[in-house]
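Beneath this line is the structure, given in structure tokens, with notes to follow.
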Amino acid sequence: MNENLFTSFSTPTILNQPATIPIILFPTLLILTSKHPTNNRLATIQQNLTQLTLKQMMTTHNAKGQTWSLMLMSLITFIAMTNLLGLLPHSFTPTTQLSMNLAMAIPLWAGTVVLGLRSKTKNSLAHLLPQGTPTPLIPMLVVIETISLLIQPMALAVRLTANITAGHLLMHLTGNAMLALSTTNFSMTLLTSMLLALLTILEIAVALIQAYVFTLLISLYLYNNT
């Protein structure tokens, strides 16, 4: 275990050079691509999961919104794989970095907003003022709705960062406690190891759910602007 609680969140280096880009590209090697007419079971499961996820996100979209389907599937696959990458020993989770999550959230959010202003200008601007608002409250509500619109990408990035970081910290603390108890109390060590195994299963679920939530919210922003 690392002595520093936050060492696992620091950017790793190889020969004193940042290794972020190779680590981010590594999950793409885990995506199966079949060169045979008949897929094996694992490739078939992968395709079925992809089609099911795509159907869940694209059902309510019109033809213009469905043109984003490839980008959204690439996004959810990338986030899920990088989240799971951090569960491997001596690894690094890129999605624990707020800067990286903002780099994903801001362009995607801005793309949906610009698309809405181009294709549905009146409807997009109408979202800034709820129907039936009393006249004296109009300026204040416009400011509030504008601020809520501008903080959407920050909320996306912070939600993903906080959930992944919190899970990793909890697993780190539980692992340290298990190592400390291993020399003093065998029964408590066994209990702590069981807790760590449950936390690992929970963290796998959180990694997949957070990838889905991030992409689903981008999909909802797209739906409101197409």
Condition met for Met100 (open to solvent by less than 50 Å² (accessible area, probe 1.4 Å), in contact with a helix residue (DSSP H, G or I) (Cβ under 9 Å, 6 or more places away or on another chain) and closer than 21 Å to Phe214 by Cα): yes
Only one of Ile164, Ile106 that is surrounded by 14 or more Cβ atoms within 10 Å (Cβ to Cβ), in contact with a Pro (Cβ under 9 Å, 6 or more places away or on another chain), of a type in the set (Val, Ile, Thr) and at pLDDT 80 or above: Ile106
Filter result for the condition that a residue is open to solvent by 40 Å² or more (accessible area, probe 1.4 Å), modelled with pLDDT under 80, assigned to a helix (DSSP H, G or I) and within 30 Å of His172 (Cβ to Cβ), over Leu54, Leu49: Leu49
Residues (open to solvent by 90 Å² or more (accessible area, probe 1.4 Å) and over 30 Å from Ser99 (Cβ atoms)) located in region 129-154: Gln131, Thr135, Pro136, Met140
Test: Asn123 is open to solvent by less than 60 Å² (accessible area, probe 1.4 Å) and assigned to a helix (DSSP H, G or I): no
The lone exception for Leu129 - which of (1) hydrophobic (A, V, I, L, M, F, W, C); (2) outside any helix (DSSP H, G or I); (3) closer than 30 Å to Ala162 by Cβ it fails: (3)
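The values are calculated or read from the model by the stated rules, or taken from the named source; none is laboratory data. Because the structure is predicted, anything quoted here is derived from the model rather than measured. Note: ideal-geometry Cβ built from the backbone for every residue, glycine included; neighbour counts use all protein chains shown. All accessible areas refer to the heavy atoms of the entire protein, side chains included, with ligands and DNA or RNA removed. Shrake-Rupley method; radii C 1.70, N 1.55, O 1.52, S 1.80 Å.
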